[in-house]
Amino acid sequence: MIKGAIFDMDGTIIDSMFIWDTIAEDYLLSLGIEPKENLGETFKTFTLEQSAEYYRKNYGVTLTVSEIKDGINSMVEDIYRKKVTLKDGAGDFLERLSASGVKMCIATVTDRYIAEKVLSRLGVDKYFSDIFVCSEVGFNKESPEIYRYALKHLGTKKEETVVFEDVAHALKTAKEDGFVTVGVFDVHEKNQEKLKMMSDYYIESYSDFEKFWNSINK
């Protein structure tokens, strides 16, 4: 029986990955610097701190890491505040998980204050007992540490805890660390077949809770 759930946020429960597709290049352009590569792909596994260090090392940005982070966050904050929505069916799915007694928390790369604001605005913050952020934990999702912190907080057994992720590299990390994994379809993840292959369970849509619940609790 599943007793705990750790949710990624962007692309998993909220429809926000369109922001991160271009923000890496947009930020550089805002400084008058022309990107030399597909930074969205380069930064795919990075925390904001790692992205900032990359700008400093590879593009000669002289701002501090903190200043770069603040600049990126100021660019995305307004979009989170006005345009980001829940993925279809996610609100009802979370309500039904909660009603089934499943403890839930968030594990995200996005900075805490942005995550708190968007989850509150969308009315789903009540389902999550805490938010774990890569920059605060000190590891990106190439490492399982953020999931381990979340698991300790939930107080559930690993084999009774599911990790919901929309990107292949993060789901792979959780799976290799022994978590039950749920791949969530998002159009922005190019490695969809890899995500599906590595998932213990795969969700194309949150609309059919009963099917998911019955299959995961066989």
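I'd like the orientation of helix 65-82 relative to the chain: the angle between its Cα long axis and the longest Cα principal axis, in ° from 0 to 90, rounded to 10.
Between helix and principal axis, roughly 60 degrees.
Taking the alpha-carbon set of segment 88-218, what are its Rg and Dmax in Å?
Cα only, segment 88-218: 14.0, 38 Å (Rg, Dmax).
Taking loop as defined by DSSP and a crowding limit of 14 other beta carbons within 10 Å, which GluC sites (Glu not before Pro) in segment 153-218 fit?
Details: sites: GLU159, GLU160, GLU165, GLU176, GLU189, GLU193, GLU204, GLU210; in loops: GLU189, GLU204.
Of the GluC sites (Glu not before Pro), the ones in loops of segment 153-218 whose Cβ has at most 14 other Cβ atoms within 10 Å are GLU204.
Please work out how much accessible surface ILE14 shows to a 1.4 Å probe, ignoring ligands, DNA and RNA, in Å² rounded to 10.
Only protein atoms counted, so the area is about 0 Å².
Determine the alpha carbon to alpha carbon distance for each of LYS126/LYS172; LYS69/LYS157; LYS126/LYS157; LYS83/LYS194; LYS87/LYS141; LYS83/LYS157 and list only those over 31 Å.
Numbers: LYS126/LYS172 28 Å; LYS69/LYS157 35 Å; LYS126/LYS157 22 Å; LYS83/LYS194 29 Å; LYS87/LYS141 22 Å; LYS83/LYS157 37 Å.
Table pairs above 31 Å Cα-Cα are LYS69/LYS157; LYS83/LYS157.
Over the heavy atoms of ASP70, what accessible area does a 1.4 Å probe trace out, to the nearest 10 Å²?
100 Å²
With a 1.4 Å probe and all protein chains kept in place, how much accessible area does VAL187 have, in Å² rounded to the nearest 10?
Solvent-accessible area, nearest 10 Å²: 100 Å².
With a 1.4 Å probe and all protein chains kept in place, how do LYS218, LYS44, LYS82 rank by accessible area, largest first?
On the way: LYS218 205, LYS44 70, LYS82 130 Å².
I get LYS218, LYS82, LYS44, largest accessible area first.
Grab the DSSP H runs of the chain that are 4 residues or longer, score each as -39,500 (n - 2.57), total them, divide by all residues and round the 222 nm result to the nearest 500 deg cm²/dmol. Each step should come with its number before you reach the end.
On the way: 11 runs with 106 residues, N = 218.
For the chain, the value works out to -14000 deg cm²/dmol.
Contact order normalised by length for segment 120-218, with contacts defined as Cα pairs under 8 Å and 6 or more residues apart; what percent is it?
Details: 115 pairs, mean separation 18.0, N = 99.
Relative contact order comes out at 18 percent.
The values are calculated or read from the model by the stated rules, or taken from the named source; none is laboratory data. If you're wondering where the values come from, they're calculated on a predicted model, not measured in any experiment. Reconstructed Cβ throughout: ideal geometry from the backbone, glycine too, with neighbour counts over all protein chains shown. Surface accessibility is based on the protein's heavy atoms, side chains included, excluding ligands, DNA and RNA. Shrake-Rupley method; radii C 1.70, N 1.55, O 1.52, S 1.80 Å.
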